[in-house]
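Reviewing the structure listed below.
Just so you know, all these numbers are worked out from the coordinates, no wet-lab data involved. Since this is a predicted model, take the numbers as computed values, not measurements. Using ideal geometry, Cβ is built from the backbone for each residue, glycine included, and neighbour counts are taken over all protein chains shown.
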Amino acid sequence: MKSDRKHKGEVAGSVHRVGIGDEIYGLIEKLYPICRSITGDGVRETLEIMREHIPLDIREVPSGTQVFDWVVPKEWNIRDAYVKNSRGKRIIDFQGHNLHVVSYSAPINRVVPLAELRDHLSSLPEHPAWIPYRTSYYNQTWGFCVSQKQLEQLTEKEYEVCIDSTLEEGSLTYAEYFLPGEMQDEVLIFTHLCHPSLCNDNLSGISVVAHLAKHLAALKRRYSYRFVFAPGTIGSITWLSENRTQLDQIKHGLVVALVGDDGPFTYKRSRRGDAEIDRAATHVLRHCGEEAKLLDFIPFGYDERQFCSPGINLPVGRLTRTPNGCYPEYHTSADDLAFVRPERLSESFIQCLKIFRVLEQNRYYENTNPMCEPQLGRRGLYRTTGGTDIPGRELALLWVLNMSDGEHSLLDVAELAGMDFDVICSAAGELLRAGLLSPVE
Ligand code: ZN
């Protein structure tokens, strides 16, 4: 074991962090009021606040840049928007909630007949108090989102409609944070940051990933870690296009999003299906002590779609709690600060760290004494009085010794033994210190 172990924690070390859920929630609260979209100053403002936690490297990719089959769009910014009645009262007001404006709405400032206005309104009849979240990135139009109650109160013949927005040549903004490890091999962690005032989707992902980065920065790492914060779809496509020559350094990847709600953990496997990240996440969630769902890859969801497109096919899975579209509050104003909870955020943070810990510690070993079992009692590793029940620790020692033939990784051993990776890993540590194992490079 390395001598600096006492001074610098390892990813393999304790992941219990008191108060981390409150810290993660605190950043969500700070970022909640900002109107983000796939481009624009809301993204920049978000990243500047995140820079108080981690030294992000912020990149700007100009509008018009070809990124695979897509083009970086014009930059959208908005200052104000409203619908006023005949008495000049704002009855729909962007200043009250930024979800009221369809993201990427073109500017408009004129009096509009009710029938025309209605064609540009979205509401949720089944949840009359909620405002839906709608976007129109690639089809230039304008629109407002309102509660069903607001919609029903529109009775005048015409309304003054104003959206003070700009859609101009500018850039797409994304950010990276790179943490070098002992190896150049990388773990990629991606989260999208293009949603306005919505907490589970996507502030929970942003804040959990930022705090993971902050936490890992202080630890000793075998892998290098690259954290990417970018808009959904166009952001991951842009990032992949800009980094296409370096993709083979990515050995494992995880898209993290929607991790603050009360739903069970849901891991979606990579397109490969049996990548090490798939096996590590599956193992961790099976041993996490609560219900967890494991899904096979489908080409629908978040940015794993791009990382797992056939020409890219990286080993990138996705961790959420309740997935996109599977809870009523999804993409509505009800996905607010009350919908996400510090305890849930903290549990998500810990499961991510456990997955990274498996990746860090999942190595191959060789039993240095493979001709029959080595005598463990003589080495102080085994109880000296025989009995019928074998303690888990001792059973783990036997499993590691038996399967360490250079062909089975510690995760293989844990799966074969049906034991928690941590138990197998600490058994391997004991055997290594006793000289009964040697690492296979
Ligand atoms: Zn979303």
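Shown here are the Rg and Dmax of the Cα trace of segment 364-440, at 11.5, 34 Å.
Trypsin sites (Lys or Arg not before Pro) within segment 101-151: which are DSSP loop residues with at most 15 other Cβ atoms inside 10 Å? Display every interim value, and only then the final one.
Numbers: sites: 110, 118, 134, 149; in loops: 134.
Hits after loop and neighbour filter: nothing returned.
Work through the residues other than residue 124 whose Cβ is under 12 Å from its Cβ and net out their charges, Lys, Arg +1 and Asp, Glu -1. The partial results should precede the final answer.
On the way: positive: 134, 149; negative: 126, 329.
Value of the local net charge: 0.
Model label points for residue 337 and residue 364, set 7 angstrom from Cα along the Cα-to-Cβ axis, are 5.3 nm apart. Spin-label pair residue 93-residue 247: with each label point 7 Å from Cα along the Cα-Cβ axis, the two points sit 4.8 nm from one another. Which of 141, 155, 238 ends up with the largest GNM mean-square fluctuation for the chain, with Cα atoms connected below 10 Å? Looking only at 141, 155, 238, the biggest GNM fluctuation is shown by 155. Computed about the Cα centre, the dipole magnitude for the chain is approximately 560 debye when only Lys and Arg (+1) and Asp and Glu (-1) carry charge, each at its Cβ.
Placing dummy labels 7 Å off each Cα toward the beta-carbon, the span from residue 182 to residue 389 is 3.7 nm.
Work out the P(r) tail for the chain: percent of alpha carbon pairs separated by more than 27 Å, whole number.
On the way: 55769 of 97020 pairs.
Pairs farther apart than 27 Å: 57 percent.
Take the cross-link list 268/354; 214/354; 30/214; 251/354; 214/268 and give me the ones stretching past 20 Å between alpha-carbons.
Working: 268/354 17 Å; 214/354 16 Å; 30/214 17 Å; 251/354 17 Å; 214/268 25 Å.
214/268, as the Cα separations exceed 20 Å there.
With +1 on each Lys and Arg Cβ and -1 on each Asp and Glu Cβ, and nothing else charged, work out how big the dipole of segment 75-184 is about its Cα centre, in Debye to the nearest 20. Write out the running numbers ahead of the final one.
Working: 10 positive and 15 negative charges, 127 e Å.
Dipole size: approximately 600 debye.
Taking only DSSP H segments of four or more residues, each worth -39500 (n - 2.57), what value at 222 nm results for the chain once the sum is divided by all its residues, to the nearest 500 deg cm²/dmol?
Numbers: 12 runs with 123 residues, N = 441.
Rounded to the nearest 500, it is -8500 deg cm²/dmol.
Within the shell defined by Cβ-Cβ distances under 12 Å, the residues around residue 305 carry a net charge of +1, with Lys and Arg each +1 and Asp and Glu each -1. Among 39, 135, 368, the largest mean-square fluctuation in a Gaussian network model of the chain (Cα springs under 10 Å) belongs to 368.
Summing Lys and Arg as +1 and Asp and Glu as -1 over all other residues whose Cβ lies under 12 Å from the Cβ of residue 90 gives a net charge of 0. Give a quick list of chymotrypsin sites (Phe, Trp or Tyr not before Pro) in segment 247-324 that DSSP marks as loop, anything other than H, G, I, E or B, with at most 13 other Cβ atoms within 10 Å. Of the chymotrypsin sites (Phe, Trp or Tyr not before Pro), the ones in loops of segment 247-324 whose Cβ has at most 13 other Cβ atoms within 10 Å are 300. Ordered by the number of other Cβ atoms lying within 10 Å of each residue's own Cβ, fewest first, 41, 261, 389 fall into the sequence 389, 41, 261.
How would you order 189-201, 77-89 from highest to lowest mean count of nearby Cβ atoms within 10 Å?
The peptides rank, most packed first, as 189-201, 77-89.
Kindly work out what percent of the DSSP beta bridges joining two residues of the chain are antiparallel, to the nearest 5. Intermediate results must be reported in sequence, preceding the final value.
Numbers: 42 of 66 bridges.
That works out to approximately 65 percent antiparallel.
Loop only by DSSP, 11 or fewer other Cβ within 10 Å of the Cβ. Give me the GluC sites (Glu not before Pro) in segment 26-82 that pass, ordered by residue number. Spell out each step's value before the answer.
Working: sites: 29, 45, 48, 52, 60, 75; in loops: 52.
Here the sparse-neighbourhood loop sites are 52.
Among 402, 202, 98, the largest mean-square fluctuation in a Gaussian network model of the chain (Cα springs under 10 Å) belongs to 402.
Placing a label point 7 Å from the Cα of residue 291 along the Cα-to-Cβ direction, the residues of segment 242-264 whose backbone N falls under 20 Å of that point are 258-264. Multiplying the residue separation of residue 155 and residue 118 by 0.36 nm and subtracting their alpha-carbon distance yields 12.2 nm.
Stretched out straight at 0.36 nm per residue, the stretch from residue 140 to residue 434 would grow longer than its current Cα-Cα span by 99.0 nm. Relative to the globular-protein estimate of 2.2 N^0.38 Å, the Cα radius of gyration of segment 283-441 stands at 1.37.
For the chain, the relative contact order is 17 percent, taking Cα pairs closer than 8 Å that sit 6 or more residues apart in sequence and dividing their mean separation by the residue count.
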